[in-house]
Amino acid sequence: MVYEKSARSKIFDIVLLVVLISISITCILPLWYTLSLSLSSKSAAAAGAVALWPVGFNLNSYVQLLQEGQFFKSFWISIQRVVLGVALNFIVVPLMAYPLSKTTKDFKMRNVFMWSVLFTMLFNGGLIPLYLTIKNLGLMNSIWALVLVGGAQTIVFNIILTMNFFRNLPSVLEEAALVDGAGPWYILYKLYIPLSVPVLATVTLFSIVYHWNEFLYGLIFMTREEFYPLQTYIQQLTVAVDPSSMTEDQYKRMSELSNRTLDAAKLFIAMLPVLAVYPFLQRFFIHGITLGSVKE
């Protein structure tokens, strides 16, 4: 009987391993295909001949993206945008989520502020009033136009996630801290934030992904190419090409490119920073560090 149970356990482990490997391959294959397509020739990409390996291997797509200094300027602007956006998110989200996680008995104006936050999530004035507001504030061609507008849209959702996490923390922890004479600021930064690393890592990743991938506001609020973030720059790279101003080498390189190979190169470059950051934050998603924090 013991042997039969062990055999079933081994079969289950094998099936589980096969399923996990299959899911991993399903996730990796699109990334690998995008890389292979970006390294293939124009004719192979147009004919749909690219599968798992590049056909007619070349680096023309990446050369086209990297040949201008503006690429590196835009890359730096995107890095600044992500750093400032994440910093703003990390400051505002806990400060708003903590009081909103309280009951109306502890915070009488809680519902008023909560509905105000939800209203901004459900309704907005539209693109034109937003543009006029940014223009009147003198933020056109400024990194803060990208950080503040994008941050306002992501922060509300992150506040709700963090607030719900705070509400699920054991109340006896805060009660014990209050008995010991701790104030709200001390409880927030010494108790809530250390216990909320998983949700804070999650909302930080959401913020990084949003600020890195968003390109529309770069088109709206930046009137000159030198202020474009990376995603806006690579989106406009082929749209604004003027064949009459190309050199012979540039024209030859463009003739060897297709929209599919260049788009694949854009996608792959856009994925790299997120792929680099995710492994450092992923471990927080699977650990419930509040388990065992209260002993009955």
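The values are calculated or read from the model by the stated rules, or taken from the named source; none is laboratory data. Here the structure is a predicted model, which means the values were calculated and not measured. Cβ placement follows ideal geometry from the backbone for every residue including glycine, while neighbour counts extend to all protein chains displayed.
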Could you check, for segment 116-136, whether at least one of its residues is among the charged types (D, E, K, R) and either assigned to a helix (DSSP H, G or I) or loosely packed, with under 12 Cβ neighbours inside 10 Å (or both)? yes
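Got a sec? Which of ILE143, ILE128 is in contact (Cβ under 8 Å) with a residue 60 or more places away in the chain and either farther than 22 Å from ILE187 by Cα or more than 25 Å from the chain's Cα centre (by Cα) (or both)?
Among ILE143, ILE128, only ILE143 is in contact (Cβ under 8 Å) with a residue 60 or more places away in the chain and either farther than 22 Å from ILE187 by Cα or more than 25 Å from the chain's Cα centre (by Cα) (or both).
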Only listed residue being surrounded by 11 or more Cβ atoms within 10 Å (Cβ to Cβ) and at pLDDT 85 or above, chosen from SER78, SER43, SER61: SER78
Selected residue (criterion: farthest from GLY85 (Cα to Cα)) from residues of segment 175-219 that are touching a Ser or Thr at 6+ places or on another chain (Cβ under 8 Å) and outside any helix (DSSP H, G or I): SER196
Tell me, yes or no, whether segment 96-105 has at least one residue that is in contact with a helix residue (DSSP H, G or I) (Cβ under 6 Å, 6 or more places away or on another chain) and of a type in the set (S, T, N, Q). yes
Quick one: is VAL156 in a loop (DSSP other than H, G, I, E, B), free of Cβ contacts under 8 Å to residues at least 40 places away in the same chain and buried (at least 16 other Cβ atoms within 10 Å of the Cβ)? no
Could you please find all residues in segment 89-115 being among the polar types (S, T, N, Q) and not in a loop (DSSP other than H, G, I, E, B)? ASN89, ASN111
Between a first residue in segment 85-112 that is assigned by TED's automatic domain parsing to the domain that holds TYR189 and a second residue that is surrounded by 13 or more Cβ atoms within 10 Å (Cβ to Cβ) and small (Gly, Ala, Ser), which pairs have beta carbons less than 6 Å apart while being 6 or more apart in sequence or on different chains? GLY85/GLY151; GLY85/SER207; VAL86/SER207; LEU88/GLY151; ASN89/SER207
